[in-house]
Amino acid sequence: MSRMAESELISYRWTLEQAERANDQSSVKKLTDIGPPPYTGNKWRSKFLTERRILGKHGGEYYRSKSGAFGVVLRNLVFSREYTMLDRINFFRGVLQSVSALYPELSRVNLFVQVPEVKIPVYFCLGRHDYEVPSVLSAKYFEALSAPRKQLVWFERSAHLPNTEEKDKFNEFMIKTVLPALPE
């Protein structure tokens, strides 16, 4: 989320365009009813979640998915040995609470201005089809960001979750590129 306000607008426009292309009139109506971001007032969370549900339905969250990433995330949580039952419950609680707590502040974030430089190596793993946090804008921030070493890796068959959607490529990158670069 390099420039949150712009990111949300790109996301909304892409989602509306996909709904129109698919002749998904119900989603087009919902999106035009809520209008483009920024979302403010008492119903901002409902508008945000409506746009995200429709985005997921059109593959902008999980590539080529008609239902978004919820099923994949749920399946990973249920079958993971690392999580307790309480962890699983708290995961979803945390997602909803963090949206409520952070969205108003995040909507003011502009990393192009606030963080033009970092003093550490930077790796961006971007899903080519990510419109939840639009990768097109993330790539622009990557280009603008000054860092001692940086690398952008595109995941061509991924949207928002390349670590899950292309896990073999992601794991190989982490093991062969990131891990050896860590200080000892």
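Here are some notes:
- Distance from the Cα centroid of region 41-68 to that of region 1-38 is 9 Å (rounded to whole angstrom).
- Debye-sum result for the chain in log10 I(q)/I(0), which assumes one identical scatterer on each alpha carbon, at q = 0.12, 0.15 Å⁻¹: -0.67, -1.04
- Percent of beta bridges antiparallel (DSSP, the chain, rounded to nearest 5): 10
- Shape of region 96-162, Cα gyration tensor, a/c cut at 1.5: oblate
- Dipole of region 1-159, positive direction: furthest Cα of PRO37, HIS129, TYR62, with charges on the beta-carbon: TYR62
- When the P(r) of region 2-51 is calculated, the portion above 17 Å amounts to 31% of the C-alpha pairs.
- Separation of the VAL113 and ARG128 label points, Cα + 7 Å toward Cβ, nm: 3.4
- Per-pair calculated FRET efficiency, R0 = 25 Å: VAL153 and LEU49 via Cβ, rounded to 0.05: 0.25
- Helix 44-57 axis, angle to the chain major axis (alpha carbon atoms, nearest 10°): 70
- Folded to 0 to 90 degrees: helix 85-106 orientation relative to the chain principal axis, Cα: 80
- Cα shape, region 142-184, gyration tensor, a/c 1.5 rule: oblate
- Spread over its residues, the convex hull of the C-alpha atoms of region 31-138 is 154 Å³ per residue.
- Between region 73-114 and region 133-170, the alpha-carbon center distance in angstrom: 20
- A Cβ-based charge dipole, computed about the Cα centre of region 1-142 with Lys and Arg at +1 and Asp and Glu at -1, lands at about 300 debye.
- Simple point charges give the picture: +1 on the Cβ of Lys and Arg, -1 on the Cβ of Asp and Glu, and for region 99-184 a dipole about the Cα centre of about 180 debye.
- Global size of region 26-81: 13.6, 42 Å for Rg and Dmax (C-alpha atoms, Rg to one decimal, Dmax whole).
Bear in mind these aren't lab numbers, they're just calculated from the coordinates by the rules spelled out. Please read these numbers as outputs of a predicted model, since none were measured by experiment. Methodologically, a virtual Cβ is constructed for each residue, glycine included, from the backbone with ideal geometry; neighbour enumeration extends over all protein chains shown.
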